[in-house]
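S.K.: My questions all concern the structure below.
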Amino acid sequence: MSTSSSLSPFADYHMHLTSSECANIMNEKLGAEILGTYVPAFHNADEIISVLDRSGVQKAFALSNAYQWGMDLLGLPDDQINDWVKFENDFTARECAQYPDRLLPFMSINPLQDYALEEMDRCANQLGLRALKLHFTNSNVDLRNPQHLESIKKVFAKAVELDMPVLLHFMSRNPEFGAVDAAILIDEIIAHHPTLKIQMAHLGSGGLGDSMIKVFDTFIQRYEANPLLDKNNCKMDLAAVISDGSKPLTAPLSLEQCQYITDQIRRWGVEHILFATDWPIFEPNEFENNIRTMLKLTEEEVNTLLSNRWLF
């Protein structure tokens, strides 16, 4: 339970829906060697609503796992991937339609695959899914690769055309990933689309520790230097970042890292930081407790963060 009697988060801006078929294929094809102690499982809208209710949270972003079907490590034939991606996005649409006032569904794709733009059109125009989740690590996107960069530019242009906000898990598999990649994203994509609404997962990076800090630093520096870049259209979410490492897929933060992240949050602006758990990794109450006890934010700053509204 939270250590404070202060208000509960308004929304959890990063929660995952997973069909049983997707969970099964992940477990079958990847296993503990890649997933570690994390075990993919079926998660539907009823379960998300139950989590929200017991935590006093009103709304949530519900993210499709369709991008998982396009993951190269699964080794699925190309002629099957598109059908499974459609299946997973359809699942997300059906689940969230049960709770339209509480859940905002995000479609997803592997942005490097041939079906990507067509699936964005289908989800927007047939399913009414008008928000997009991208996972660069899972999809093996590397913005330093010119062909990848051109594909990503087309996906973001389509998102702007369809008025789709983008939630981006931003990290390549390049071991040197960091400030250079963040600069490419900002200078080559974000700066060219002033109306684009983008949410950077995990404080800007899919990685934790130094890579996350370098990416977040680059965003702070670029946005401070360029008045045409608007933080009102770019939010950072905390999903699974503030952790002692006891949860699957998380890494522990040192006291020094907690202080540095606190300083970064203040420079970026607490009003532009989103409460996000990466559920089922964390439940809202326990993640709120991590924020309050591990970061060095004041109670007023924490309450501002918990109250922030984005796209609702």
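The values are calculated or read from the model by the stated rules, or taken from the named source; none is laboratory data. Quantities reported herein were computed from a predicted structural model and do not represent experimental measurements. Here the Cβ is made from the backbone with ideal geometry for all residues, glycine too, and neighbour counts use every protein chain on show. Side chains included, ligands, DNA and RNA excluded: accessible areas come from the protein's heavy atoms. Shrake-Rupley method; radii C 1.70, N 1.55, O 1.52, S 1.80 Å.
S.K.: Where in the stretch 174-213 is the amide nitrogen less than 13 Å from a point lying 7 Å along the Cα-to-Cβ axis of Y260?
M.R.: Output list for this probe position: 179, 208-213.
S.K.: So which GluC sites (Glu not before Pro) in the stretch 130-191 end up in coil per DSSP with only 10 or fewer other C-beta atoms within 10 Å?
M.R.: Sparse-neighbourhood loop GluC sites (Glu not before Pro): E176.
S.K.: Also, quick follow-up: Most mobile of E300, E119, E33 per a Gaussian network model of the chain (Cα springs, under 10 Å)?
M.R.: Residue with maximal mean-square fluctuation among E300, E119, E33: E33.
S.K.: Quick one: compute a quarter of the convex hull surface over the Cα atoms of the chain and quote it in nm².
M.R.: For the chain, the mean projected area of the Cα convex hull comes to 14.5 nm².
S.K.: Report, in listed order, any pair from K29/K214; K133/K247; K247/K296 with a Cα-Cα distance greater than 27 Å.
M.R.: Pairs exceeding 27 Å: K29/K214.
S.K.: Calculate, for the chain, the solvent-accessible area per residue in square angstrom, rolling a 1.4 angstrom probe over the heavy atoms of the protein chains.
M.R.: 41 Å²
S.K.: Which one, D12, D121, D83, has the greatest fluctuation when you compute a Gaussian network model over the chain with C-alpha springs under 10 angstrom?
M.R.: Answer for the Gaussian network model of the chain: D83.
S.K.: With a point put 7 Å past each Cα toward its Cβ, work out how far A225 is from R173 in nm, to one decimal.
M.R.: 3.1 nm
S.K.: Just the number, please: carbon plus sulfur as a percent of the accessible area of the stretch 1-136, 1.4 Å probe, no ligands or DNA/RNA counted.
M.R.: Within the stretch 1-136, the accessible surface is 48 percent carbon and sulfur.
S.K.: Okay, next question. Can you tell me the Rg and the Dmax, both Å, for the Cα atoms in the stretch 1-100?
M.R.: 15.8, 53
S.K.: Let me ask you something else. Out of residues 5 or more away from W279 or on other chains, whose amide H comes under 5 Å of its own, with H placed 1.01 Å from N in the peptide plane?
M.R.: Those lying under 5 Å, H to H, from W279 are H16.
S.K.: Same structure, new question: Quote the FRET efficiency, to the nearest 0.05, computed for E299 versus L30 with a Förster distance R0 of 35 Å and r equal to the Cβ-Cβ distance.
M.R.: Working from the Cβ atoms, E equals 0.30.
S.K.: For Cα pairs less than 8 Å apart in space and 6+ apart in sequence, what is the mean separation divided by the residue count of the chain, i.e. the relative contact order in percent?
M.R.: Normalised by residue count, the contact order of the chain is 19 percent.
S.K.: Under a 5 Å amide H to amide H cut-off, with H placed in plane at 1.01 Å, what residues pair with L274 once short-range neighbours are removed?
M.R.: Result for L274 returns M236, D237, L238.
S.K.: Are there any helices in the chain, counted as whole DSSP H runs, that stretch 18 Å or more along their axis by Cα and score at least -0.5 on average by Kyte-Doolittle, and if so which?
M.R.: 146-161, 210-225
S.K.: Can you give me the three principal axis dimensions of the stretch 161-257 from its C-alpha atoms, in Å, biggest first?
M.R.: Its Cα atoms span 41, 26, 24 Å along the three principal axes.
S.K.: With springs only between Cα atoms under 10 Å, which of G245, G70, G204 fluctuates most in a Gaussian network model of the chain?
M.R.: In this elastic network of the chain, the residue with the biggest mean-square fluctuation among G245, G70, G204 is G245.
S.K.: Full-extension gain between D101 and I184, please, as 0.36 nm times their residue separation minus the C-alpha to C-alpha distance.
M.R.: Net length gain for the segment: 26.2 nm.
S.K.: If you don't mind, there's one more thing I want to ask. Suppose only helical runs count, i.e. DSSP H with n ≥ 4. What mean residue ellipticity at 222 nm does that imply for the chain under -39500 (n - 2.57) per run, divided by all residues and rounded to the nearest 500 deg cm²/dmol?
M.R.: -12500 deg cm²/dmol
S.K.: Along Cα→Cβ, 7 Å out, is where each label goes; now give me the distance between the ones at L311 and D72 in nm to one decimal.
M.R.: 2.7 nm
S.K.: How much FRET efficiency would the formula 1/(1 + (r/R0)^6) give for Q147 and L249, where r is the Cβ-Cβ distance and R0 is 30 Å, rounded to 0.05?
M.R.: 0.55
S.K.: Let me ask something else. Return the sequence-ordered ³J(HN,Hα) values of the stretch 188-198 in whole Hz as given by the Karplus equation 6.51 cos²θ - 1.76 cosθ + 1.60 applied to θ = phi - 60°, using x for Gly and Pro.
M.R.: For the stretch 188-198, the Karplus-derived couplings read 9, 10, 4, 5, 8, 9, x, 8, 4, 9, 10 Hz, x marking Gly and Pro.
S.K.: Once phi is turned into θ = phi - 60°, what whole-Hz ³J(HN,Hα) does the Karplus curve with 6.51, -1.76 and 1.60 give for every residue of the stretch 104-111, x standing for Gly and Pro?
M.R.: 9, x, 10, 6, 8, 8, 8, x
S.K.: Moving on. What does the convex hull of the Cα atoms of the stretch 1-60 come to per residue, in Å³, rounded to a whole number?
M.R.: Expressed per residue, the convex hull around the Cα atoms of the stretch 1-60 is 97 Å³.
S.K.: Looking at the chain only, what percent of DSSP beta bridges run antiparallel? Nearest 5 please.
M.R.: The answer is about 5 percent antiparallel.
S.K.: If you roll a 1.4 Å probe over the stretch 198-312 with all protein chains in place, what percent of the accessible area is carbon or sulfur?
M.R.: 47 percent
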